[in-house]
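Chemist: Have a look at the structure that comes next, please.
The values are calculated or read from the model by the stated rules, or taken from the named source; none is laboratory data. For clarity, every value in this text was computed on a predicted model and none was experimentally measured. Don't worry about glycine lacking a Cβ; one is built from the backbone with ideal geometry, like all the others, and counts go over all protein chains shown. Heads up: the accessible areas ignore ligands, DNA and RNA and are worked out on the full protein's heavy atoms, side chains in. Shrake-Rupley method; radii C 1.70, N 1.55, O 1.52, S 1.80 Å.
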Amino acid sequence: MVWLKRDLRIDDHAPLLAAQGFDTTVALFVIEPEWLQSPECDASHVETCLTCLAELRVALAQRGVPLLVRTGSILRVFQTLKADYAFTHVLSHEETGPGWTYTRDQQAGQWCMGQGVNWLEFSQTGVVRRLRSRQGWAGSWQARMDTPLRLLQGGFNAGQTQTAQLAVDDIPTLASLGLAPHRKNLQAAGERAACQTLKSFLQSRGRDYCKALSSPLTAESGCSRLSPHLAFGTLSMRVVHQATEASMARTNDPSLAYGLKGFSSRLRWHCHFMQKLESEPAIEFHNFSRACDGLRPGDVQGGAAPFGDADEARFQSWCEGRTGYPMVDACMRSLVATGWLNFRMRAMLVSFASNHLWLHWRTTGIFLARQFLDFEPGIHWSQMQMQSGTTGINTLRMYSPTKQAQDHDPQGLFIRRWVPELARVPLPYLATPWTMDIAVQRTAGCFIGHDYPAPVVDDKTAMKAAKDRLYGLRSSAEAHLQARQVLVRHGSRKSGLPPGANRRTSQNTKKTETARFVQGDLFGQDSE
Ligand SMILES: Cc1cc2nc3c(=O)[nH]c(=O)nc-3n(C[C@H](O)[C@H](O)[C@H](O)COP(=O)(O)OP(=O)(O)OC[C@H]3O[C@@H](n4cnc5c(N)ncnc54)[C@H](O)[C@@H]3O)c2cc1C
């Protein structure tokens with residue numbers, strides 16, 4: 001039995017390939033109540049998953065493998081299925097998921113042992129299970145990604161009589177699962193859409209990647225948009241990596257080669273961040289640096305406490321895109337409407353919530369997880385903490401929403417698109433509409449405090465207060481001790497790469513890398 005999780009594809013699928021060696025094969029996807037009820041789950045995630053399953057069912061059926069989609073807790077589904085179909089092996093990919101998947105995998109493992117069922121797990125990313133040290137991790141990532149692709153050749157064994165009797169029920173709908181429809185305008189889902197997205201990026205869209213990725217206007221088409229496909233597993237990281245390397249080698253367009261080089265270096269960040277959650281699952285709930293415990297209100301054992309009234313009001317203004325800071329509000333509204341936002345603007349949203357509004361990253365992170373169609377817990381919680389200054393090792397970064405608007409939306413196109421109340425505000429005031437005098441407000445048809453909110457906090461005062469707190473904390477002996485521990489456990493190591501593979505060798509570069517490593521820069525993250 002091939003147990004599908006976040007690997008909803010045919011190509012480069014080790015469990016499916018391994019299943020070809022067995023007499024009969026059935027594929028199973030379980031819609032677990034633990035997932036549907038988890039705080040990070042949104043109807044948009046479920047709908048995307050169902051779309052992928054519908055496409056995959058057809059592709060598997062063409063190869064003679066039924067795809068069962070069952071709803072229920074894993075042990076109950078396994079038990080029922082075992083009665084109908086005496087499976088001897090479970091084949092699946094490893095998963096680095098939220099806490100509930102960790103618990104579920106432990107239960108599934110015990111159940112399999114008790115039933116004499118062999119559960120074989122395969123890796124599909126660069127994440128290393130039971131990793132002892134980060135030394136050499138980058139080299140191991142490279143080696144895994146360079147391994148030849150596992151492509152299915154031919155069909156499965158003919159002895160499918162047993163599986164033919166299994167009930168292949170209809171794939172559920174949002175309504176049948178008791179979920180309300182979402183209102184997002186999502187990018188296309190499924191393995192076919194994933195391949196088309198990859199192809200268009202590698203053939204042409206990637207040309208301007210490095211220039212395009214910072215502005216939300218250009219990033220929309222200039223970034224690869226592969227993140228949801230990697231999250232649902234409709235593409236494997238190895239396929240993306242190898243296709244990118246091949247395109248770089250093939251092209252004689254220097255701009256495209258340059259863009260793809262920048263892109264290719266970011267691919268390893270994906271696994272680098274996931275590795276943190278794999279190595280320390282508690283970072284989903286706790287500060288990386290325990291010296292930061294108590295820094296923001298709400299730090300309690302096992303997560304964040306509910307906000308008080310004042311914080312709740314600030315939180316709501318942020319969620320609704322009504323903070324009074326046009327760039328923050330435009331980004332949030334765009335994200336809520338589409339399920340995607342570029343890296344820099346995600347970082348700005350979190351920096352604003354964690355620093356300007358001084359809100360706990362766990363609660364804001366849950367809200368964002370529901371909005372991101374590409375929610376990937378290892379990346380998400382690491383990034384939430386990096387942008388909130390609680391890793392204890394990264395350079396502290398705070399984004400001024402006004403400067404971000406001036407730098408990345410200089411004509412105000414993005415703000416006007418997503419915050420229509422400001423459509424007629426003159427450009428010089430667009431990033432700071434509260435500075436309009438009453439006559440300008442009247443001409444613009446936008447009264448501050450009536451048509452558009454006044455700023456929820458003062459930018460400079462809030463940033464200074466946050467900096468004072470964070471830098472103050474960092475200078476303590478406890479913070480230094482914690483930083484060293486976090487660095488040993490999670491800091492990036494560029495060693496272990498094969499000669500010539502993305503490794504700079506000059507003396508100066510070596511010095512820079514060492515300096516960066518000491519301050520805990522994670523794969524050049526701060527250079528973006
Ligand atoms: C607070 C916050 C939360 C985030 N949460 C997620 C998340 O849940 N899921 C997710 O996939 N990304 C997350 N990111 C990282 C990044 O914003 C997205 O990977 C990127 O915007 C996805 O768009 P893309 O595929 O077009 O990216 P591209 O720029 O085309 O990059 C290609 C791929 O490289 C990887 N990548 C790129 N940048 C990063 C990065 N900074 N960190 C890790 N991997 C990276 C991703 O797999 C991405 O799909 C988060 C960033 C922040 C600041």
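Chemist: About the Cα centre, and with charges only on the beta carbon of Lys, Arg (+1) and Asp, Glu (-1), how big is the dipole of the range 283-490? Nearest 20 debye, please.
Modeler: Values: 22 positive and 19 negative charges, 93 e Å.
Dipole magnitude for the range 283-490 comes out near 440 debye.
Chemist: Which angle from 0 to 90°, rounded to the nearest 10, does the C-alpha axis of helix 459-474 make with the longest principal axis of the chain?
Modeler: Between helix and principal axis, roughly 60 degrees.
Chemist: While we're looking at this one, here's another question. Relative to the Cα centre, what is the charge dipole magnitude of the chain, using +1 at the beta carbon of each Lys and Arg, -1 at the beta carbon of each Asp and Glu, and rounding to the nearest 20 debye?
Modeler: Charge dipole, the chain, about its Cα centre: 1560 debye, nearest 20.
Chemist: Considering the zone a paramagnetic label at residue 185 would reach in this model (a point 7 Å from Cα along the Cα-to-Cβ line), which residues of the range 27-56 have amide N under 19 Å from it?
Modeler: What the label zone holds, given the 19 Å backbone N cut-off, is 44-45, 48.
Chemist: What FRET efficiency, computed as 1/(1 + (r/R0)^6) with R0 = 51 Å and r the Cβ-Cβ distance, is obtained for residue 337 and residue 157, rounded to the nearest 0.05?
Modeler: My answer for the efficiency is 0.60.
Chemist: Ok, one more. Around residue 93, which amide H atoms from residues at least 5 apart in sequence, or from another chain, sit under 5 Å from its own amide H, with H modelled in the peptide plane?
Modeler: Here 5, 122 satisfy the definition.
Chemist: Decide, for the range 162-227, between rounded, prolate and oblate: order the square roots of the alpha carbon gyration tensor eigenvalues as a ≥ b ≥ c, take rounded if a/c falls under 1.5, and otherwise choose prolate if a/b is larger than b/c, else oblate.
Modeler: Working: a/c = 5.57, a/b = 1.93, b/c = 2.88.
Verdict is oblate for the range 162-227.
Chemist: If I compute solvent accessible area with a 1.4 Å probe over the protein chains, what percent of it on the range 191-279 is carbon and sulfur?
Modeler: 53
Chemist: Name the long-range amide H neighbours of residue 31: under 5 Å, sequence gap of 5 or more, or other chain; modelled H, no Pro or chain starts.
Modeler: It is 70, 71, 72, by chain and number.
Chemist: Now a separate question. Quote the FRET efficiency, to the nearest 0.05, computed for residue 437 versus residue 467 with a Förster distance R0 of 25 Å and r equal to the Cβ-Cβ distance. If you can, show how the numbers build up before the last one.
Modeler: Values: r = 31 Å, r/R0 = 1.24.
With R0 = 25 Å, the Cβ-Cβ based efficiency is 0.20.
Chemist: Rounded, prolate or oblate: which one fits the range 2-164, using the alpha carbon gyration tensor with axes a ≥ b ≥ c (rounded when a/c is under 1.5, else prolate when a/b beats b/c, else oblate)?
Modeler: Numbers: a/c = 1.39, a/b = 1.15, b/c = 1.21.
In terms of gyration-tensor shape, rounded.
Chemist: When all protein chains stay in place, what accessible area (Å², nearest 10, 1.4 Å probe) is found for residue 55?
Modeler: Result for residue 55: roughly 50 Å² accessible.
Chemist: What list of ³J(HN,Hα) couplings, whole Hz, do you get for the range 138-148 from phi and the Karplus terms 6.51, -1.76, 1.60, once you set θ to phi - 60° and write x for glycine and proline?
Modeler: 3J(HN,Hα) across the range 138-148, in whole Hz: 4, x, 5, 4, 4, 5, 5, 6, 8, 4, x.
Chemist: Another one. Applying the Karplus parametrisation 6.51 cos²θ - 1.76 cosθ + 1.60 with θ = phi - 60° to the phi angles of the range 282-295, what ³J(HN,Hα) value in whole Hz is obtained for each residue in order, glycine and proline being reported as x?
Modeler: With coefficients 6.51, -1.76 and 1.60, one gets 5, 5, 5, 10, 10, 4, 3, 8, 5, 5, 8, 4, x, 4 Hz.
Chemist: First measure r as the distance between the Cβ atoms of residue 118 and residue 84, then evaluate 1/(1 + (r/R0)^6) with R0 = 25 Å and state the FRET efficiency to the nearest 0.05.
Modeler: On the way: r = 19 Å, r/R0 = 0.76.
E between residue 118 and residue 84, to the nearest 0.05, is 0.85.
Chemist: If amide hydrogens are placed 1.01 Å from N in the peptide plane, which non-local residues have theirs closer than 5 Å to the one on residue 452?
Modeler: Excluding prolines and chain starts, which carry no amide H, the hits are 447.
Chemist: Measure up 5/467; 276/460; 184/464; 5/184; 261/464 against 31 Å on the Cα-Cα distance and list the ones that go over. Don't jump to the answer; show the numbers that get you there.
Modeler: Numbers: 5/467 42 Å; 276/460 33 Å; 184/464 36 Å; 5/184 23 Å; 261/464 37 Å.
Among 5/467; 276/460; 184/464; 5/184; 261/464, the Cα-Cα distance tops 31 Å for 5/467; 276/460; 184/464; 261/464.
Chemist: Please report how far the C-alpha centroid of the range 247-321 lies from that of the range 58-117, rounded to the nearest whole angstrom.
Modeler: If we compute the Cα centre of each part, the gap is 30 Å.
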